[in-house]
Structure formats: structure tokens, C-alpha cells
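A.B. asks: Next up is a structure, given as C-alpha cells.
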Amino acid sequence: ATILVSYKGDKKRAEVSTVSSFPATLTIPLSEVASKLGLQLSSIEAADVFNFEVKTTAGGKSYFSSAAFNVSVVCGYEVSNVSGSYRAVSGGWGLDGGIEITADPDNEFILYVTGLAAVEGLDEDQGPLKLVVNPLNFTVTAERTVLASSTAPWGVNYTGLAYEGSGLLNTCDGSFNMLFGITVDQGSFGSFEFDFTKN
């Protein structure tokens, strides 16, 4: 199998490594990737994306594996850059307003979100929504959390409005792209994409 890399989705694939047996663990330095693609390290910026693909050749035929993945050039994790005043937007759910994100004092990779229910005119008497950041790849898990006991201000008295889901943190600008499942005790509204951007 051959490991191929391309830059910013340009599909100009360059071979960076080969694998002769599976499973295999590879470490590929960014300097080597840049060299294979004819890039200067100084031209690569934070949040640039590299795409890695596996091409398997057997019996004279080549196949691309579905195990392709994108790797972003990330910035360091700084609590001050991933907390504070944010704007939350979800076109699908119809939400646009201010929220606050704070860090757990004992674990900087645990964040708390307040304001999602309040933006919608609800009494946010529960919560906050707990986000757990994976320090290895900055994926985010939102643990199921009830934010409001009642949706009575909507004119429909559901109980236990809760959010849960997953997403990705951009450590360069502090933004979050999340997919939340939104439920009440009476059922589910479905899943909706949310963007949190730092004010």
C-alpha cells in the first residue's frame, strides 16, 4: 500500500510512504510532506489541511481505500483562545445569539457552555453544557446535558430540553463546529449543525 498526500484538496497526490504489512503505525513529519509536495515550510499556515489516502495495489490493479483522512495544521491549545464570549449560530435550528464558554479550573480540556437555551428565551435553569476536548486531535464531545426544565415560553410545554453531540475545535481562531442532537423528555427534534465563533 502507498500513502499519498495532497494539499488543500488539490488532489495533486504525492507519495510519502509505503506499507507492506497491516496493521501499521506511521509517523510522517510535516517537513517530509512539504518536501514531497514541493512546498516551503514557511508557506504552510495554521489551519491548512492535508489529505492522506491509502492506495493499495494488488494483481496489477490499484484501489483507493475509504480510509482517507484530513489533517489540519493546528495551533497550540490556549484556554484564553477557546473560552470567553462567543456567538452561536445554527441556521437549521434557527438560533443566533451570544453564549459564554468557560474552562474547568481543574482540567483545561473540559469547557462549559452557558446561554444556548437563554438565547431562545428559555429559563436556563439547568446545565451548563459540558464539552470535552480531545487533546490529541481537538475533536469535541458534548455530553448530554439538560439545559432548561421547561419550554413553556415557546408556548409548548415540553420538559427537559437537552443537547448532546460532537464536533471539532479550531485552536487557531477558537471556533467550534458542532453537531448537536436536541431532545426533550417527550422526544427528539433531530440533529443540527452549530458554529461557535469568538467575539
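A.B. asks: Which count do you get for residues in region 153-171 that are more than 27 Å from residue 75 (Cβ to Cβ) and crowded, with 19+ Cβ neighbours inside 10 Å?
C.D. replies: 2
A.B. asks: Of the residues 83, 90, 31, which single one is more than 18 Å from residue 4 (Cβ to Cβ), among the hydroxyl-bearing types (Ser, Thr, Tyr) and either in contact with a Leu (Cβ under 7 Å, 6 or more places away or on another chain) or open to solvent by 80 Å² or more (accessible area, probe 1.4 Å) (or both)?
C.D. replies: Criteria check complete, one pass: 83.
A.B. asks: Out of contact with any Asp or Glu (no Cβ under 6 Å at 6 or more places or on another chain), at pLDDT below 95 and within 20 Å of residue 128 (Cβ to Cβ): is that true of residue 167 in this structure?
C.D. replies: Yes.
A.B. asks: Restricting attention to strands (runs of 3 or more DSSP E) lying wholly within region 45-120, give those where 2 or more residues are closer than 21 Å to residue 141 by Cα, under 19 Å from the mean Cα position of the chain (by Cα) and at pLDDT 95 or above. Spell out how you get there, then give the answer.
C.D. replies: Numbers: elements: 49-58, 61-64, 69-72, 84-90, 95-104, 107-114.
Output list reads 84-90, 95-104, 107-114.
A.B. asks: Another question, if that's okay. Can you say whether residue 22 is surrounded by 12 or more Cβ atoms within 10 Å (Cβ to Cβ) and either outside any strand (DSSP E or B) or under 22 Å from the mean Cα position of the chain (by Cα) (or both), as far as the supplied structure shows?
C.D. replies: It is false that residue 22 is surrounded by 12 or more Cβ atoms within 10 Å (Cβ to Cβ) and either outside any strand (DSSP E or B) or under 22 Å from the mean Cα position of the chain (by Cα) (or both).
A.B. asks: Among the residues of region 29-45, is there at least one that is closer than 20 Å to residue 66 by Cβ and without any contact (Cβ under 8 Å) to a residue 24 or more places away in the chain?
C.D. replies: There is no residue in region 29-45 that is closer than 20 Å to residue 66 by Cβ and without any contact (Cβ under 8 Å) to a residue 24 or more places away in the chain.
A.B. asks: Would you mind stating whether residue 108 is touching a helix residue (DSSP H, G or I) at 6+ places or on another chain (Cβ under 6 Å), touching a residue at least 24 places away in the same chain (Cβ under 8 Å), over 21 Å from residue 173 (Cα atoms) and surrounded by 15 or more Cβ atoms within 10 Å (Cβ to Cβ)?
C.D. replies: For residue 108, the condition - touching a helix residue (DSSP H, G or I) at 6+ places or on another chain (Cβ under 6 Å), touching a residue at least 24 places away in the same chain (Cβ under 8 Å), over 21 Å from residue 173 (Cα atoms) and surrounded by 15 or more Cβ atoms within 10 Å (Cβ to Cβ) - is not met.
The values are calculated or read from the model by the stated rules, or taken from the named source; none is laboratory data. Because the structure is predicted, anything quoted here is derived from the model rather than measured. Positions of Cβ are generated from backbone atoms using ideal geometry, with glycine treated the same way; all protein chains shown enter the neighbour counts. Note: accessible area is taken over every heavy atom of the protein model, side chains too, but ligands, DNA and RNA are not part of it. Shrake-Rupley method; radii C 1.70, N 1.55, O 1.52, S 1.80 Å.
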